[in-house]
1. Rounded, prolate or oblate for segment 44-186? Axes are the square roots of the Cα gyration tensor eigenvalues, ordered a ≥ b ≥ c, and the cut-off for rounded is a/c under 1.5.
2. If contacts are Cα pairs under 8 angstrom and at least 6 residues apart, what is the relative contact order of the chain in percent?
3. For 1, 155, what ranking results if the residue with the fewest other Cβ atoms within 10 Å of its Cβ goes first?
4. Calculate how steeply helix 19-45 sits against the longest principal axis of the alpha-carbon atoms of the chain, using the helix alpha-carbon long axis, and give the answer as 0 to 90 degrees to the nearest 10.
5. Assign one of three labels to segment 1-111, namely rounded, prolate or oblate, based on the Cα gyration tensor with a ≥ b ≥ c the square roots of its eigenvalues; rounded applies when a/c is under 1.5, prolate when it is not and a/b is larger than b/c, and oblate otherwise.
6. Give me the percent of Cα-Cα pairs in segment 189-267 that sit more than 16 Å apart, rounded to a whole number.
7. Based only on Cα atoms, what Rg/Rh ratio does segment 134-258 have, Rh being taken as Kirkwood's radius?
8. Take 235, 44 and order them by how many other Cβ atoms sit within 10 Å, fewest up front.
């Protein structure tokens, strides 16, 4: 394990070299978030006195988007798929085939180091943004929600990483994988709860999405914190999320084992 801890240490140092990029990315990410919050404020202001829309009060809907920003900072994959594809395309993975280093674990360590560096740089501006909306901040809905939220958050990060890793393995067969990544990202952005809470959808659509990995990439941990997934629904959701993490891990391993048989490198 010491070699992987060393990878995390080196990864943090490498990522901090791009701290200004992280800072600017965080600041610019507030622009669409602020626009979304302004939109919902307008919706509630024009609601003819209605205190709720689709079961959400104005405070709850604003806090939902604040939590989306927090979960996104902690779990989002940041160019890992592009870097993995580049390693395959440029033959950089040859060194890992000759050393006692598992490439998936190596990339997972780099993902963790990238998240740590990103959180370190994004924490202050994100905290200031949340402070501006502090009147909308609420505590976890229950003790069970407070305990289950970090568990679901870790599984969300792993699910996002394993899916991105598996997609990046397409580089063993294809020269350019950007089309597939953008298609999956588009589905994820719509079906994971970035645009709106998924429980605003019709019940049939909610039921269908519950058996896809997308809600568990963002919406589910937020719904746990807000208490919208509670009781049996909470535990069932955690089991389904764990099953998707396991399936994504097996998918990542399968794509590597199949792809490495197609891989060839020349020169030295």
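What follows is calculated from the coordinates using simple rules that are stated; it is not laboratory data. As the structure is a computational prediction, the values presented were derived from the model and not from experiment. FYI the Cβ positions are ideal-geometry reconstructions off the backbone, even for glycines, and counts take in every protein chain you see.
1. Verdict is prolate for segment 44-186.
2. 26 percent
3. By the 10 Å Cβ count, ascending, the order reads 1, 155.
4. It is inclined by approximately 30 degrees.
5. prolate
6. More than 16 Å apart: 59 percent of the Cα pairs in segment 189-267.
7. Expressed as Rg/Rh, it is 1.02.
8. Sorted ascending by nearby Cβ count, the order is 235, 44.
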